[in-house]
1. Work out how much length THR146 to LEU70 would gain on full extension: take 0.36 nm times their residue separation and subtract the Cα-Cα distance, in nm to one decimal.
2. Need one number: nm distance between label points at SER196 and ASP139, each 7 Å from Cα along Cα→Cβ, rounded to one decimal.
3. With a Förster radius of 41 Å, plug the Cβ-Cβ distance of TYR179 and ASN347 into 1/(1 + (r/R0)^6) and report the FRET value to the nearest 0.05.
4. What FRET efficiency do you get for ARG79 and ASP270 if R0 is 51 Å and r is their Cβ-Cβ distance, rounded to the nearest 0.05?
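Derivation of every value follows stated rules applied to the coordinates shown; laboratory data play no part. Keep in mind the model is a prediction, meaning the values are calculated, not measured. Note that each Cβ is placed from the backbone with ideal geometry, even for glycine, and that neighbours are counted across all protein chains shown.
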Amino acid sequence: MSSISAARLGLYIFRCGSQAATPVLLCSRQTHNASVSNYKGTLHQCPSSRLSAGTQQKLQWSKSVRDHSLELKMAESCRHFRRFITDPVLINSILKCLAPWGSNGMAPIIMECNPGPGILTRALMDAGHKVFALESNSDFLPSLETLQRTANGQLNVVHCDFFKIDPWSEGLVQPPSMYSSTLMTNLNISEVSWASDVPLKVFLMLGHKRERILLWRQIYSLYERLSVYRFGRIELNVFMTENQYWKLISRPGDFVNYQALSVLFQAACDIELLHKEPMSTFLTPSKFRSSAMTKSGGSPDDLCLVRITPRRNLFSENFTAADGSTFVHMTKQFLARRKSKLIDKLNNLAPGNGKDLIQSLALPMDIATGCVYPEEYKLLFEIISRLEEFNRSFVLDEICEDVAVTSN
């Protein structure tokens, strides 16, 4: 219990002292009107003293976007809503954001989800990255596989949807669905300890209509160390709407935006804003373009490139992967009504212990659930889960709901 006592003291100092801001590494630019068909230039990576000798020189990506007219035509006519990255300035910004700042100087392995035309894929390889391209749409596979054959082992193309890895539904699993064990084995990725460095970076874009559902799928897998997280601290580099980003980093007291998803991600991960980009920069299929480019007011919205890195100290002797699912369910229940009293929720889970639990963290007795910090929720769970009076039956009430949500 000494580690819990130390955490209590740290949280007391944290709550009473000045609050550190959410880490931000922001590279923003003004609205850019992409001109794909007219681009003939090259891309140059910002120099870094930590890059290897081969990539310290100016990165020149001389492939004209015009050379990929067939792939771009397929993107234009795509039947499902997607955003494609074709703008050269945006590609250069992404390369900078994915660069291994502060690491050993080696270009990290990138798992690129739904690369589509493969324009960013080529730039990543030119920058020295080994790329695993997971493409869900079979229409794009031939051109990606052609690129793979000339990549000298630098590119692996898999017909797979990252968000359909380890499906909950039973039956035969066929591409683009796939089990993570099969995927990682085929890509020759081995399990590493949670304390090890990030084994690979996943680059993906969340669909605006289902981004919350997709983030919830990651939360369940992360806290239970299932799916890709069984192989280590997988880092997500995600394009999401600015509205979702602000909800993800919202702080206690913001009863509109501070939600269970905010608490769970902040308690488990470092969250960094890397880049903001207008939606107008991305290529969208022509049938979706008018609705995807603007809000109801008609002004362009921004997408945020956000780095989400699981912390090394997420798990401990007081909080294991076996506790993860229960903690997620508890947090959902507590944050469902953010103005409700914390003491009432605690007494429901551990009858008669609410007052002592609140006093143990030096919290106000009348504090609302929406005013408790993520670190405090995690410590409360570590304490309450070891009480004999802890009632875990609340987990069963949400299982059917969660299966329905995460199976979509």
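1. Answer, rounded to one decimal: 26.0 nm.
2. Result for the modelled spin labels: 3.9 nm.
3. 0.45
4. After rounding to 0.05, the efficiency reads 0.85.
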